[in-house]
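Working notes, structure below.
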Amino acid sequence: MFVVIKPKSRYLESLNSKKETVSTTEFAKDYGMSAKAMNIILVELRVLVKNGKTYAFVEPCRIPTYYTYEAYQYSENKFTLSPRWTHEGMEYLYYLLKKEKGLLPLIERK
């Protein structure tokens, strides 16, 4: 019996060298696009839903290990919560974008 071992994704291997969490802007840069363009794709894939000017996670991305929030102060007494993708969340998005849209990060494009 032979076991076929798939090569590990260069992108997924590179996650270990990244910060613990990244913004959608940082994640989108890995794919050579803006956060706005990435959010449009993630809405199409039902990962996010747009609610006014903000985005909210949709199942199954509501899994707490896929994302976290970071408080961001934009004036003296005003804060907002900024979503951040975890390594597990980026891995989920990697496979989803690859399967559903044929998108690969820049590091894996020929």
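FYI, it's all coordinate maths here, none of it is from the lab. Here the structure is a predicted model, which is why all the values come from computation and not from measurement. FYI the Cβ positions are ideal-geometry reconstructions off the backbone, even for glycines, and counts take in every protein chain you see.
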_Nearest-ten-degree value, helix 35-44 long axis tilted from longest Cα axis of the chain_ = 70 degrees
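As a quick test, which of the pairs 50/78; 53/101; 29/99; 78/99 have an alpha carbon distance above 29 angstrom in this structure? Mind showing how you got there, number by number?
On the way: 50/78 22 Å; 53/101 25 Å; 29/99 19 Å; 78/99 40 Å.
Violating the 29 Å limit, Cα to Cα: 78/99.
Extension gain residue 49-residue 72, at 0.36 nm per residue separation less the Cα-Cα distance, in nm?
Numbers: separation 23, 0.36 × 23 = 8.28 nm, distance 2.10 nm.
Here the segment from residue 49 to residue 72 would lengthen by 6.2 nm.
What's the FRET efficiency of residue 108 with residue 65 using the Cβ-Cβ distance as r and R₀ = 30 Å, to the nearest 0.05? Walk me through the numbers on the way to the answer.
Details: r = 24 Å, r/R0 = 0.79.
Computed FRET efficiency for residue 108 and residue 65 comes out at 0.80.
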_Can you give me the long-range amide H partners of residue 31? Hydrogens built in the peptide plane at 1.01 Å from N, cutoff under 5 Å, separation of 5 or more residues or another chain._
106
*Spin-label point model (7 Å from Cα, Cβ direction): what's the residue 58 to residue 23 distance in nm?*
2.4 nm
*asked:* Under 5 Å between amide hydrogens, which residues at least 5 positions from residue 48 or on another chain qualify, with H placed 1.01 Å from N in the peptide plane?
replied: 43, 58
*If you work out Cα extents along the principal axes in Å from the coordinates, which of (i) 63, 28, 27; (ii) 38, 35, 25; (iii) 59, 47, 28 do you get?*
(i)
